[in-house]
Structure formats: C-alpha cells, structure tokens
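Data block below; observations after.
The values are calculated or read from the model by the stated rules, or taken from the named source; none is laboratory data. Only a predicted model underlies this, so the values are computations on that prediction, with no experimental measurement involved. Here the Cβ positions follow ideal geometry from the backbone for every residue, glycine too, while neighbour counts run over all protein chains shown. Ligands, DNA and RNA are stripped out before the accessible areas are found, and what is left, the full protein with its side chains, is counted by its heavy atoms. Shrake-Rupley method; radii C 1.70, N 1.55, O 1.52, S 1.80 Å.
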Amino acid sequence: MTESKSTNIILFSGDYDKAMAAYIIANGAAAYDHKVTVFHTFWGLNALRKDGKVEAQKGMLEKMFGKMMPRGADKMGLSNMNMAGLGPKMIKKVMKKHNTSTVPELIEMAQMQDVNLVACQMTVDLLGFKKEELLDDITYAGVAAYLGEAEDGNVSLFI
Amino acid sequence: MTESKSTNIILFSGDYDKAMAAYIIANGAAAYDHKVTVFHTFWGLNALRKDGKVEAQKGMLEKMFGKMMPRGADKMGLSNMNMAGLGPKMIKKVMKKHNTSTVPELIEMAQMQDVNLVACQMTVDLLGFKKEELLDDITYAGVAAYLGEAEDGNVSLFI
Amino acid sequence: MTESKSTNIILFSGDYDKAMAAYIIANGAAAYDHKVTVFHTFWGLNALRKDGKVEAQKGMLEKMFGKMMPRGADKMGLSNMNMAGLGPKMIKKVMKKHNTSTVPELIEMAQMQDVNLVACQMTVDLLGFKKEELLDDITYAGVAAYLGEAEDGNVSLFI
C-alpha cells in the first residue's frame, strides 16, 4: 500500500491573483494524486460566492458586508497593480491571449478533480454568508478539521 | 513514546484579520497538543506591543516608526476593506455579536496554552522596538531558531 | 547516508519587505545545509529583474506591464507603510545603520549558496518577461517542478 500525499491550502486572500495561484497549485497537486484541500477563510470565501445576487435573510451589517464584497472569483481585484479595476482587466486580457484558465474555470476543474473545497464555518458566520450564496458541493468545517488534515500533510500553504 | 506534532507560524503581517487567523490556528493546534510557535517578524511585531505609550530611549527614525505603527493587536487595520478604520469597527461589531474572541484575547489564550511567542530579534532592532514596549513572557530569537523548529515540524505557515 | 532537508519558498509578493523575509529564510536554510528553492511567481518575479532597461521585443500590454512593475528588488515598495515610496527609504536607512544586507545582496548571497532560483514559466509568459530581462543563472519551471520538490520537503512557505 502506498499512502497518498496531501496538499492543504488555506485561502485567506480575496485577491484574484492569489486565488489563481492557490487553484493552480491545488489542481497541479490533484493531478499528481495528492489529496488536496482548499480551506477558504475570511476574504477567500469570496471565491466560493455564486456570481448572481442571491436573496437571503440577513442583518444590516451582514447585508453591508455582502454588498461590499465581490460576488465570486471573477469579480475579485488584484493584490498588486489593481489600479481601480484596470489591473484585473489587463491581466484577463493577457490570460485570454495565452489561453490561461480563469479562476472560475480553475475552481470548476478542482471540483472535477475532487479537490475538497471547504468554507470556514466561523468566518462564514462572521461575514454573514448564507449557504445558498456559496457554491454547491462544498463542505463546511473549522480549524480542527484543517489541522487534522494538515498535520499529516506534505505541503501546507497560507495564501 | 509518541512524539508530539508541531506547528510553526511566521506572523509577518500587521493586519488584524491575519493576526486573528494566525492565533486561531495557533490555539487550535495547541488544543490538539501540538508544540506551537508563533514567530513574529516585521509588522507582525505590532501584535506583541503593549497598548499604552511606553517611554523608551530611541533615535529619530525609530521614534517615527514607533509612532506610525499600531500599539498592539487591538489597533491594527484590516488587510481588506479597511476603509480608513471603518472595516475594523464593523468586524469587531460582528465579532462581538458572535461572541468571537478578539485578537488580544486570542494572544492571552495562546500564552495560557504555552504557545511559544517569539519576537524576531533582527526586525525588533530594525524597527527600533525596546523590550519594555513588547509583551512580557515572550522570547527573542532569529531565523536559525525558527528553522530549527520548523524543519521537523508538521505545519508551517507564513502569514 | 543522511538525507538533506529541504526548504521550498514560493515568492508571490512583489514587496521589498516580503522578499527580504523570503531571502533571509532562504539563506538561513542554505546555511543549515537545506536544499533550498525560491520559486518566483507573479509579482515575485520582479525580484529577479535586472535593474537597467533591457531592450526586448514585446506586445503593447507586455510593454505596459514591464513599465509599471519595478525593475529589480531594489525598486520594490513595502507591503505596509509604503507611504508613496517614503517607507522604503526609511527602511533602507535603518537597514544601513544596522548593517543589514539589502535584498539584492541577499539574492546574490543566495546564488552563492546554491539556492535554486526558479522563475515560474507560466507567469513569465503572462507578464511578458523576456529571459534577457531577468537575472542569469536562474531556472524556468512550472508548478509540477515546485510540487516535486515541496512534497518531500521540510519547510514550505508561500510569501
């Protein structure tokens, strides 16, 4: 019996470029038969948001957070050279030219490769996300579950 | 004999939300009997500052750094949606509503759980911090000490 | 036979202070006989740029990226307290006072210690860098090569 290797990524950032790096590594590791988990916390949860507006019962603060945060990976900004939204447009233009997969495509690919997409329950509650706003087929868990995987893992990254 | 697992976190960031993530993981790992070290370097040192003004002999540049940097975790900004200080207020409001521990509380909890809080000596010197400005019961060490722990560790993160 | 330990750092950030942290860890690990790789991706590639202007045939978008991004580590900003370029000047002043190595010096030291400096081929293409613009004696590789090293490594960090 050969034990499979494992890669555990915490995606904390809500930046398009960092989510792209996270999902390229996740897909690469899955292709090499790693057991892969991407644990989305804080702003990284935005990558899991569905892109349309979803009706959900919320308090006022949660509504404000919901409005101000990007709905899905495609709407996220860049960590660098964002230039009020011009940067993401430029990056997407060169990505298209080079036939590079977009972040929503990389997430879909990860789901097809059985990468475990986890939403951090604590920050889901804190930022007031409702399950119907986030992608289907994801799991909800806490830091204990993350540590359970990562402590025996091979590659652990905080992005 | 079972060897205990270990988690080694470098806290580089001076953002409230990132410090919160770091200390939630640190406390979680300590609860699972990991040997845990949080190695504070650069802006992460601000999490270790005492919150009042502390008199200390300093050069002019060091005084300027000291003035411009937040005094303690409670005064740090957010990595995202900081909105000139409104973001941290909003986050703290929802944290209170959800009974989530604040970062200063998480740090205290970590100290009670014997998490090893380390201040990077090189950046302490560089940014001109004096020992009397930082929390008591922390240790001062360099990259060699960090590597000594992390190279045999289970989870290593740069936050 | 004792197998050597390994440290694998992904340098994603284009910030001076983060590159400094990455290279201090890389040099420390190399001094402790680790096999060390620094894998530069996205904005981290700027650390590998030569500092003069290099003539290279490029499309318009690539030219714009090239112009807007810093030419070499010495021209990078800070992740915190950048203050329109004043922060880097202040940091470099205290670094000089404390005899701390600059980032270009740390990179040179890493090359002398046989740290493997890798440029991520995908983001080199995406951002339109030409080999003649980047440091000599670096290698070009993809996520597969990174994972091949990191999965058996001891310390893996995303900076």
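Going by a ≥ b ≥ c, the root eigenvalues of the Cα gyration tensor, does the protein assembly as shown fall in the rounded group (a/c under 1.5), the prolate group (a/b larger than b/c) or the oblate group? Rounded, because the longest to shortest axis ratio a/c is under 1.5.
Taking all Cα pairs closer than 8 Å and separated by 6 or more residues, the relative contact order of the range B:1-135 comes to 36 percent.
Take the alpha carbon atoms of the range C:10-26, find their center, do the same for the range B:45-81, and report the distance between the two centers in whole angstrom. Centre-to-centre (Cα) distance: 22 Å. Taking other residues whose beta carbon is less than 14 angstrom from the beta carbon of C:Lys89, and scoring Lys, Arg as +1 and Asp, Glu as -1, yields +3.
Within chain A, the selection of entire DSSP H helices by a Cα span of 18 Å or greater along the long axis and an average Kyte-Doolittle value of at least -0.5 returns A:16-31.
When the surface is traced with a 1.4 Å probe over the full set of protein chains, C:Glu132 keeps roughly 90 Å² accessible.
Spacing of the modelled spin labels on A:Lys50 and B:Tyr140, each 7 Å from Cα toward Cβ, amounts to 5.6 nm. The residue among B:Phe65, B:Met76, B:Thr102 whose Cα reaches farthest toward the positive pole of the charge dipole of the range B:58-103, with charges on the beta-carbon of Lys, Arg, Asp and Glu, is B:Thr102.
Think of it as helices only: each DSSP H run of n ≥ 4 in chain A is worth -39500 (n - 2.57), and spread over all residues that comes to -11500 deg cm²/dmol at 222 nm. Solvent-accessible surface of protein heavy atoms, probed at 1.4 angstrom with all chains present, puts A:Tyr32, B:Tyr16 in the order A:Tyr32, B:Tyr16, largest first. Legend: P(r) of the range C:6-158 from all alpha carbon pair distances, 5 Å bins from 0, whole percents, reading 2, 9, 19, 22, 20, 15, 9, 4, 0.
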